[in-house]
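The values are calculated or read from the model by the stated rules, or taken from the named source; none is laboratory data. Keep in mind the model is a prediction, meaning the values are calculated, not measured. Quick reminder, even Gly has a Cβ in these numbers, built from the backbone with ideal geometry, and neighbours come from all protein chains shown.
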Amino acid sequence: MQEHASALLISDLHLTPSMPLTAQRFFDFVEKETNQVDAVFILGDLFEYWVGDDAGARSPFQQEVLRALTNLSSKTKTYYIHGNRDFLIGDQFISKSGMTLLPDPSKVMIAGDEWVISHGDALCTNDLGYQVFRRWVRKPWLQKLFLRLPLQWRRGIAQTLRSNSTAKYDRATRYTPEMARFKGDVTLMACANLMGSYGSERLIHGHTHLPARHHESMGNKEWQRWVLSDWDLDHPETVLPKASALRIDTNGVRYIDLVKSS
Ligand SMILES: [Mn+2]
């Protein structure tokens with residue numbers, strides 16, 4: 001396991017051309033905030049969607065993000081974990097970016113402590129339908145078939161999946177926010193299993209868009225769970241601007257608010 005004296009962790013930027021301020025904050029983050037750390041970890045959903053490296057190569061926006069990632073990884077060791085929206089990012093894109101792809105979950109050493117890092121969607125085990133879906137779309141043979149489809153078809157399928165998940169979320173909020181949170185949050189059991197199997201007491205994940213530090217326990221096992229924030233600087237009329245990173249160094253662990261410091 002590689003050791004890092006300090007690190008910044010981010011996730012869930014959901015970068016897309018329709019969110020230019022969020023993208024610009026990421027470009028600035030790469031320029032300004034990443035210079036004083038040994039490693040940067042991107043824990044998935046950097047992109048709003050990804051339908052293949054060939055499509056990425058034809059998108060000026062995704063090429064601009066690629067240039068930022070290449071620049072970042074030339075200065076600082078940069079790691080990537082797939083999210084539920086960009087799990088089709090392939091070897092070609094990863095190798096061009098200079099990043100190192102890590103499996104989800106992974107154990108890493110930062111500032112002398114062991115951390116388990118994950119995107120987090122696999123921990124949302126109350127959403128059985130999603131877990132079934134996830135097992136299917138992570139099958140390499142199915143991914144290979146999908147990536148052979150014409151680009152227009154792939155974009156269409158990705159669009160349908162995204163609008164279905166939005167509709168589902170809206171329906172859930174019409175019941176109660178608790179119901180939406182029930183399915184959209186990680187479960188104590190899944191976290192306990194994960195921490196048990198890694199023999200670890202520290203977990204960081206994204207995906208739920210519920211940034212907070214938790215102290216949790218089950219049986220005689222205790223752990224801390226840090227949740228990364230999503231980023232959104234483009235919808236001030238509906239969402240308070242948000243963008244943050246988690247910084248770990250010899251001084252401890254803390255959130256860096258990238259809205260205030262921009
Ligand atoms: Mn996600």
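Step by step: first the residues of the range 197-212, then only those that are more than 17 Å from Cys124 (Cα to Cα) and in contact (Cβ under 8 Å) with a residue 12 or more places away in the chain, then the one that is surrounded by the fewest Cβ atoms within 10 Å (Cβ to Cβ). Which residue is that? That would be Glu201.
Of all residues in the range 127-166, those satisfying the criterion of being free of Cβ contacts under 8 Å to residues at least 60 places away in the same chain and of a type in the set (Gly, Ala, Ser) are Gly129, Gly156, Ser163, Ser165.
Tell me, please, whether a residue that is more than 23 Å from Pro17 (Cβ to Cβ) and crowded, with 17+ Cβ neighbours inside 10 Å can be found in the range 214-224. Yes, because at least one residue in the range 214-224 is more than 23 Å from Pro17 (Cβ to Cβ) and crowded, with 17+ Cβ neighbours inside 10 Å. Restricting attention to the range 213-262, the residues that are without any contact (Cβ under 8 Å) to a residue 12 or more places away in the chain and under 18 Å from Ile42 (Cα atoms) total 1. When restricted to residues that are hydrophobic (A, V, I, L, M, F, W, C), under 17 Å from Ser197 (Cα atoms) and more than 13 Å from the chain's Cα centre (by Cα), the range 94-122 contains 4. If I filter the range 136-144 for residues that are within 16 Å of the ligand (Cβ to nearest atom), surrounded by fewer than 20 Cβ atoms within 10 Å (Cβ to Cβ) and of a type in the set (Lys, Arg), do I get at least one hit? Yes. Against the condition within 22 Å of the chain's Cα centre (by Cα), charged (D, E, K, R), within 16 Å of the ligand (Cβ to nearest atom) and modelled with pLDDT of 90 or more, how does Arg155 come out, does it pass? In short, no. Apart from one condition, Phe87 fits all of (1) within 16 Å of the ligand (Cβ to nearest atom); (2) closer than 20 Å to Val40 by Cα; (3) free of Cβ contacts under 8 Å to residues at least 40 places away in the same chain; the exception is (3).
Among the residues of the range 90-132, which ones are farther than 17 Å from Leu15 by Cα and within 13 Å of the ligand (Cβ to nearest atom)? Asp104, Ser118, Gly120, Asp121, Ala122, Leu123, Cys124, Asp127, Tyr130 - these are the residues of the range 90-132 that are farther than 17 Å from Leu15 by Cα and within 13 Å of the ligand (Cβ to nearest atom). Of the residues examined, Gly196 is not one that is modelled with pLDDT of 70 or more and under 21 Å from the mean Cα position of the chain (by Cα). Of all the residues in the range 230-258, those that are closer than 17 Å to Ala5 by Cβ and not in a strand (DSSP E or B) number 2.
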